[in-house]
1. Against the condition in a loop (DSSP other than H, G, I, E, B) and farther than 25 Å from residue 61 by Cβ, how does residue 91 come out, does it pass?
2. Restricting to region 18-43, give me the number of residues that are assigned to a loop (DSSP other than H, G, I, E, B) and in contact with a strand residue (DSSP E or B) (Cβ under 9 Å, 6 or more places away or on another chain).
3. Would you point out which residue out of 115, 109 is at pLDDT below 90 and in a loop (DSSP other than H, G, I, E, B)?
4. Considering (1) at pLDDT 95 or above; (2) part of a helix (DSSP H, G or I), say which one residue 50 fails and leave the rest.
5. Residues that are in contact (Cβ under 8 Å) with a residue 12 or more places away in the chain and either over 29 Å from residue 114 (Cβ atoms) or more than 25 Å from the chain's Cα centre (by Cα) (or both): does region 68-89 have at least one?
């Protein structure tokens, strides 16, 4: 697989600056090239679209992996639901954290909804 830098150099060589194009989503002036998430980035013509910064940020946000699908996930979605149910039943946060095998701080963030949106 070609490196990130090499793919982007090839993209700029073949298609030029993104700012020379309209945003694929909203038709404003594009500012960045966005790799289509389902593609490998090897084809500069079909694997990238020009987007404005707002549309690019929104596109990447929608694709972001959450919960157990995230590559750093320690707990399954089912485990998180069990933790929340235990809390509703009055089990202490410390006991929930110990049972789940995570720190109390991490457990607290999950129970407050700060993590796993």
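1. Numbers: in a loop (DSSP other than H, G, I, E, B): yes; farther than 25 Å from residue 61 by Cβ: yes.
Criteria met by residue 91.
2. The first filter runs over region 18-43 and keeps only residues assigned to a loop (DSSP other than H, G, I, E, B), leaving 21, 23-28, 30-31, 36-43.
Going one step further and asking which of them are in contact with a strand residue (DSSP E or B) (Cβ under 9 Å, 6 or more places away or on another chain), we end up with 21, 23-26, 28, 30-31, 36, 39, 41.
Residues that pass the stated criteria total 11.
3. From the options 115, 109, the qualifying one is 115.
4. In the conditions (1) at pLDDT 95 or above; (2) part of a helix (DSSP H, G or I), residue 50 misses (2) alone.
5. There is at least one residue in region 68-89 that is in contact (Cβ under 8 Å) with a residue 12 or more places away in the chain and either over 29 Å from residue 114 (Cβ atoms) or more than 25 Å from the chain's Cα centre (by Cα) (or both).
The values are calculated or read from the model by the stated rules, or taken from the named source; none is laboratory data. This structure is a prediction, so every number in the text was calculated from the model and none was measured. Note: ideal-geometry Cβ built from the backbone for every residue, glycine included; neighbour counts use all protein chains shown.
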